[in-house]
Every structure is written in structure tokens, then in C-alpha cells.
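Taken together, the values in this text are just the output of simple stated rules run on the coordinates, not laboratory data. In this text, all values refer to a predicted model and were calculated from it rather than measured experimentally. Note that we place each Cβ from the backbone using ideal geometry, even for glycine, and neighbour counts take in every protein chain shown.
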Amino acid sequence: MSEAQAYLNGNFIPDSEAKLSVTDLGIVYGASVTEMVRTFQHRLFLLDDHLERLFSALDYACIEPPVSQAELKQVCETLVERNAALLPDQHDLGLTVFITAGHNLPYLGLAELKTCQTPTVCVHTFPLAFELWDRKYAVGQHLIRSEVQPLNAAIFNPGVKSRSRIHLYRADKLVRRNNPEASALLFDPAGYVAETTIGNFFLVQGNQILSPRPEYILGGISQRMVIRLAKQLGMDYQETDISPNMILEADEALTSSTAYCLMPVTRFEDNQLSEGIPGPVYWKLLTAWSQAVGVDILQQAQEIGTARRQACL
């Protein structure tokens, strides 16, 4: 096998052939829920947690899954086993699962009613693009307050990971008009921190790790890992309202996300955080994460990121 495979509606096919129709509701309405999982040593990390969140999202979005959770887990593991064989041993994959609501009935008509009522299921993988974030482990990231607010639960539950994420796309685009290297930090209507466009936010204050209240955020699988590791290190974890001033006064700020795991924040708006360098709690958490998964997360990202960057020259 020379080309990676994908899974689409019951079949394993070459990745280049995995395409959606323009009539698919994932395109027409953005009516699709999704999960992204990564591997460590070619093994999917916390896959069950991701799939449980996916099936909860399907129920909320009123999409009837055409496969069971157990069947989808087997698809994911099979796909990684096949596609990881194309990678060097030290590299790892990202895996994306998405399920759409089917096809748009007004486009196809009653003759295709069954097709329109059958959700689309797709699973595909990709080599993790470490070159996009490897340098930030050591220097940190720059976050800027976005004018875009998170989803309101009265409209759509922000705890559901859907493909309808254009507000997050817009948030980063607006921030990067003047600061191309920065990322957006969203605040709720009351002016408290919610989340970034791709992950959860934390503050370190003494022996406490603080995280925003859950009402306006997507509760992350990686966020759960941070909580677990914090308790392992003897730290307290608390969900609370986080104001901009609290960010400036904190010892450290961090974010978590599936691909990069944990990242320091060393600048907020025009202000340095933790003297502009990653703090000690960040390093302890990242070390503990590496030990838990059997991979030196920093070393892997830096070595592969450098190689991939050089290959682009």
C-alpha cells in the first residue's frame, strides 16, 4: 500500500478518493459533528473518550449514527494500523472522524429520500504537522482578546464539537490582521475567559490551576488530561471566572489541545506573562504527559518539525 487509506460510508478507500458531494448536509448546513484524535507511538490516545463525546454530540444534533461506537472504534484502529505503516516509527498521526446529517432533500427530491436520511461517516488520518507548533513549546504563544464571542448555549451547546465553526475561523482571522503570529482568546458575554479557537485555557496561581467555567467552552479531552496530571503533581484544580487582570497577575498561563497537548502562553495582548518564558509548572506538566504516553513530546515535535520545515525549503 503506497497511499494512505480513508473510511467513507462502510468502505476503506484511497485517501485521495474520500470526497463529499455538494449535496451533503455537512457542506450545505455544516451539519456535522467531529472528533480529532492523535497517536503516540502509533496508538490512538484516549480514543474511547473522544468517541463518547462524539456520540453525545450526535444525540444532541439529532443525527442518528449508522454505526455503533464499538464499530467506529474498530474502524479507527484499523485505519491507524494501515496508515501508520507508511510512517517512520518516530512520527505520529492525527485521526479525524466526522459524521454528517446526510444529504439535502431539496437538492435531490423524494426519489432520494433514503439517501438524504442516511448520515455520512468519514474517518481519515494525516501525519501530524509538528512544524506548525514545535517552536512554541520553548517560546510560548501570543494570545489576543477577540471581539468574537463563543457560542451561546441557548442557540447551540458550545460543549458539542461540530463542523459549524466559522466563528472560530473569523476570530483568528481578525486577530491576525495586525498580529500574524497571534491567536484569538474568546471571552464570554460577561467578559470572562472562555477558550481559544482550538483548545482550553488555564492559569497557574501558586499551587492552583484555574480554568474557565464550563458554560461557554468545549470541554476538552486534553483538558481532562491536564486535570489528571495536575492532581498527580499535588496541585488543586478549580473552575472559576477568569478576568483579563487575572491573566496578567497569574504565575503562568497554558492551553491544551489534542495535537500539541500542552502549550505555554507567554504574551497576552501587549503584556508579557511569566517573564516571557514558559514557567516551571508548564514544564512539570509536559514532562508528566510525556511519561504517561511513553513519548518525549517536546523532542518529537522539535525533531520532526525541523525535518518537515527543511523539506519545504
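For the stretch 261-313, just the Cα atoms, rotate onto the principal axes and tell me the three extents in Å, largest first.
35, 33, 13
Going by amide H atoms built from the backbone, whose H comes under 5 Å of the H on ARG38, apart from near neighbours?
PHE45, LEU95
So which chymotrypsin sites (Phe, Trp or Tyr not before Pro) in the stretch 172-222 end up in coil per DSSP with only 11 or fewer other C-beta atoms within 10 Å?
Qualifying residues, ordered by number: none.
LEU262's amide H: which non-local residues (gap 5+, or another chain) put their own amide H closer than 5 Å, with H modeled 1.01 Å from N in plane and none for Pro or chain starts?
The answer is SER257.
Could I get the Rg over Rh figure for the stretch 136-303? Both from C-alpha atoms, Rh via Kirkwood, rounded to two places.
Ratio of gyration radius to Kirkwood radius: 0.94.
Working from the pairwise distances between different alpha carbons, so that the mean of 1/r is found and then inverted, what is the stretch 216-274's Kirkwood radius in Å?
In the stretch 216-274 this quantity evaluates to 12.8 Å.
What is the magnitude of the charge dipole of the chain about its Cα centre, with +1 placed on the Cβ of each Lys and Arg, -1 on the Cβ of each Asp and Glu, and no other charges, expressed in debye to the nearest 20?
340 debye
Using only the alpha-carbon atoms, how far is helix 69-84 inclined from the longest principal axis of the chain? Give it as 0 to 90 degrees, nearest 10.
80 degrees
Across the chain, how many lysine pairs separated by 8 or more positions, or lying on different chains, have Cα atoms within less than 28 Å?
Counting lysine pairs in the chain gives 14.
Would you work out the charge dipole size for the stretch 5-128 about its Cα centre, treating the Cβ of every Lys and Arg as +1 and the Cβ of every Asp and Glu as -1, and quote it to the nearest 20 debye?
180 debye
Put +1 on the Cβ of every Lys and Arg and -1 on every Asp and Glu Cβ in the chain; which of ASN245, SER211, ALA182 then has its Cα farthest towards the positive end of the dipole?
Highest projection toward the positive end goes to ALA182.
For the stretch 60-130, what D do you get in µm² per second when you plug the Kirkwood radius from alpha-carbon pairs into Stokes-Einstein at 25 °C and 0.890 mPa s?
172 µm²/s
Which three extents, in whole angstrom, do the alpha-carbon atoms of the stretch 5-128 cover along their principal axes, largest first?
50, 29, 21
For a quick check, take a GNM of the chain with Cα springs below 10 Å and name the residue from GLN302, GLN205, GLN90 with the largest mean-square fluctuation.
GLN90
Could you grab the Rg to Rh ratio for the stretch 96-201? Cα atoms only, Kirkwood for Rh.
1.09
Given the options PRO189, PRO65, PRO106, which has the most mean-square fluctuation in a GNM of the chain, springs set between C-alpha atoms less than 10 angstrom apart?
Maximum among the listed residues: PRO106.
When the Debye formula is applied to the Cα atoms of the chain, each taken as the same point scatterer, what base-10 log of I(q)/I(0) results at q = 0.13, 0.15 Å⁻¹?
With one equal scatterer per Cα and no solvent, log10 I(q)/I(0) is -1.02, -1.31.
For the stretch 51-57, just list the computed ³J(HN,Hα) in residue order, Karplus coefficients 6.51, -1.76 and 1.60, θ = phi - 60°, integers in Hz, with x standing in for Gly and Pro.
Per residue, the Karplus-derived 3J(HN,Hα) values read 5, 4, 5, 4, 6, 5, 5 Hz.
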